[in-house]
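One structure is given below, encoded as structure tokens.
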Amino acid sequence: MATITRMYSDYGSALAAVGALQKHGVPDADISIVASNADEWFGKVDKDRDGTDDRAEGAAAGAGIGAGVGGAAGLLAGLGILAIPGLGPIVAAGWLASTAAVAAAGGAAGGIIGALTQSGVSEEDAGVYSEGVRRGGSIVTVRTTAVSGAEIERILDQNSIDPQSRAEAWRKDGWRQFDPAAAPMTSDQIKADRTRYLES
């Protein structure tokens, strides 16, 4: 079984791709979504009032994915928060998210990179996808057979970002590679980054 991964500038675009895949009949078990939550679109739970999302604190302590969205169907019912070194709080669901959660709980840096490379993505591409999530984007990864791969690629290509051209733009501004030790970007930094690299 092969995997196909695409990067999107925001969660809404990735969600549309997931919906199109589901309409096409791709099983939820074969779809994964990983999205930045730096701008807290998923909400924030801060019962201890320390300014940090309690779900992300739990994930950072090894709790993995938690706080699924009630009322959602299928894959999205499993959406939960996860803290990944270098990315900060992300929202994720699916088989790829589970692999990344295990890596994060074990203290492995770059849990998304490890999960992606295990699924067949090159380390270089996995680093670009991880940086895309760090910068407020989302990725959708699908497990597929060669027979249905072309149609799945067509669906995923709608509204996706070309990772190589985006990485080249980042390199012109001094970026070299994904750094799991880097501080996660703030909501304001993500907004500025999206505006800067907005594709016409």
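The values are calculated or read from the model by the stated rules, or taken from the named source; none is laboratory data. Quantities reported herein were computed from a predicted structural model and do not represent experimental measurements. No Cβ is skipped: glycine too gets one built from the backbone with ideal geometry, and neighbour counts run over all protein chains shown.
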Problem - Residues of the range 165-195 that turn out to be of a type in the set (D, E, K, R) and loosely packed, with under 11 Cβ neighbours inside 10 Å, as a count - result: 4
Handout entry: The one condition in (1) crowded, with 20+ Cβ neighbours inside 10 Å; (2) farther than 16 Å from ARG134 by Cα; (3) at pLDDT 90 or above; (4) not small (Gly, Ala, Ser) that MET7 fails to fulfil
Key = (2)
Practice task
Take the range 147-169 and flag every residue that is of a type in the set (Val, Ile, Thr) and within 21 Å of SER130 (Cβ to Cβ).
Solution key: ILE161
Handout entry: Qualifying positions in the range 131-149 - within 21 Å of SER165 (Cα to Cα) and in a helix (DSSP H, G or I)
Key = GLU131, GLY132, VAL133, ARG134
Problem - Residue in the range 113-130 that is surrounded by the most Cβ atoms within 10 Å (Cβ to Cβ), counting only those that are in a loop (DSSP other than H, G, I, E, B) and modelled with pLDDT of 85 or more - result: VAL121
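Which residue is surrounded by the fewest Cβ atoms within 10 Å (Cβ to Cβ), if the candidates are limited to the range 131-151 and must be touching a strand residue (DSSP E or B) at 6+ places or on another chain (Cβ under 8 Å) and more than 20 Å from GLY12 (Cβ to Cβ)? Walk me through how you get there before you give the answer.
Start the filter on the range 131-151 by keeping residues that are touching a strand residue (DSSP E or B) at 6+ places or on another chain (Cβ under 8 Å), which leaves 132-146, 149.
Next, from what is left, pick out any that are more than 20 Å from GLY12 (Cβ to Cβ): 143-146, 149.
On the way: ARG143: 20, THR144: 19, THR145: 10, ALA146: 8, GLY149: 14.
Among those residues, the one meeting the criterion is ALA146.
Could you grab me the full set of residues in the range 150-193 that are in a loop (DSSP other than H, G, I, E, B) and of a type outside the set (A, V, I, L, M, F, W, C)?
GLN158, ASN159, SER160, ASP162, ASP173, GLY174, ARG176, GLN177, ASP179, PRO180, PRO184, THR186
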Completion exercise
GLY110: passes all of (1) modelled with pLDDT under 90; (2) more than 16 Å from ASP179 (Cβ to Cβ) but (2)
Practice task
Kindly indicate the residue of the range 131-147 that is of a type in the set (S, T, N, Q) and at pLDDT below 90 and also nearest to THR195 (Cα to Cα) among those meeting that condition.
Solution key: THR144
